[in-house]
Amino acid sequence: MTAARIKELPVLPGIAGIAPFSYHDPNICYGKGMRGGLVVKFDFRTNAATDAFDVTKLTGLPAGHMGSLTMSANDVLALTFGGKMQNDDPYLLVYDIKTGQHHLWNTKEATLNGKPLPNAPHCTQHSSHIDRGGRHVWVAGSGPEVSGPLIWDVEKGLVYPMTYKKVGHIVTGYGDMVNMADKWYYRALDPENINKPKALMEHPAGEGYFAYDSHISWNNTRPNMHVPVVLSTYHPLERGDPGYAFGDEIIAVSTDGSLRVWRFAHHRSTYHAPSRGGNPAENKSNFWDSPRGNVSQDGRFYMFTSNWEETVGKDSRGRIRQDVFMVKLEREGATVGTAPSN
């Protein structure tokens, strides 16, 4: 449990931005290349990056801004690209690393693999996320023809809308997802069930009771098995109101309909949101103070960021910095991969 920098590897060379890891090879991750249009593979055994594919050569389209890059458990990547910035990307590429096959959805022109896509809206994209099974892609559309997220069933070539009211931060599993609005909700991603969300926890004060935001992780998800999601909550108003249960905590929420919640720890990160009184001039507005965390694939540990009540020092710009912390989620003697327990 001691962190140490990998020898002669201060940064990941050749990769820009977020780099999702392979789900079956812990030494491999993928990322957007430093040169335009490239997606690269980094191997920690060799400490070197190699080109995975060139977006422009593959699609014949300018890569432009390359946005969300997410990965399924069976090595299928989803990438938004083609615009000038976020919310402007018109293309969504799904690429199978093993076979080299790909599909392209032009959300702006409403075409799939160059053919008209019936009943699909015309929009650009804010972000996207492929599910663990590699079949469904969740898309946050941007434009007058969309009022909420869209689901792309890559296997059937279908696009259909998702209820907008219950959105918040989302995480996908195997053909299902969990998201947070006033409560956390579970739903399957197929057309019949996408707009039938089920609340995962009770709120004695009713709808709107839970005013906290949260970041959700479901790396421990399994096919055909209801495994809890693990998350960190925070409140941009910093109210410290004891009436808000589970505030500023690391918790797990069941997805099996039992409404059970496990409470593990307080993350102790103080967050000053710019829109809620954070003052950049006082170096108190830092996006990354909102605690970000990931649960391990075996469900045993949760790693998260925190400024620990602004006690870990300052960065090179004079802002309060964050450090990385871990919570052990299992009981002594518990079976690995089962639901976390308190």
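Some notes on this structure:
- Extension gain (nm, one decimal) between K115 and M326, 0.36 nm per residue minus Cα-Cα: 71.2 nm
- Alpha-carbon centroid distance for the pair region 85-136 / region 6-69, whole angstrom: 19
- Per-residue packing, averaged as other Cβ atoms within 10 Å, sorts the ranges 318-324, 119-125, 171-177 into the order 171-177, 119-125, 318-324, beginning with the highest.
- Set K57/K156; K41/K84; K41/K115; K84/K115; K98/K198; K84/K196 screened for pairs whose C-alpha atoms are more than 28 Å apart: K41/K115; K98/K198; K84/K196
- Formal net charge of residues neighbouring D323 (Cβ-Cβ distance under 15 Å; K, R +1; D, E -1): +2
- Local electrostatic count at E109 - Lys and Arg +1, Asp and Glu -1, tallied over other residues with Cβ under 15 Å: -1
- Our summary of shape: the Cα atoms of region 81-143 have principal axis extents of 33, 24, 19 Å, ordered from largest down, in whole angstrom.
- Convex hull projection area averaged over all views, the chain, Cα basis, nm²: 18.7
- Our summary gives the chain a relative contact order of 7 percent, counting only alpha carbon pairs under 8 angstrom and 6 or more residues apart.
- Cα pair count fraction exceeding 17 Å, expressed as % - region 37-124: 50
- With the convex hull drawn over the C-alpha atoms of region 12-161, the volume per residue is 97 Å³.
- Approximating the spin labels as points 7 Å out from Cα along Cα→Cβ, the I18-to-K98 distance works out to 2.4 nm.
- MRE, 222 nm, helices only [DSSP H, n ≥ 4, -39500 (n - 2.57), over the chain, to nearest 500]: -500 deg cm²/dmol
Read the figures in this text as sums done on the coordinates, not as results from a lab. Keep in mind the model is a prediction, meaning the values are calculated, not measured. Every residue, glycine as well, gets a Cβ built from its backbone with ideal geometry; the counts of neighbours run over all protein chains shown.
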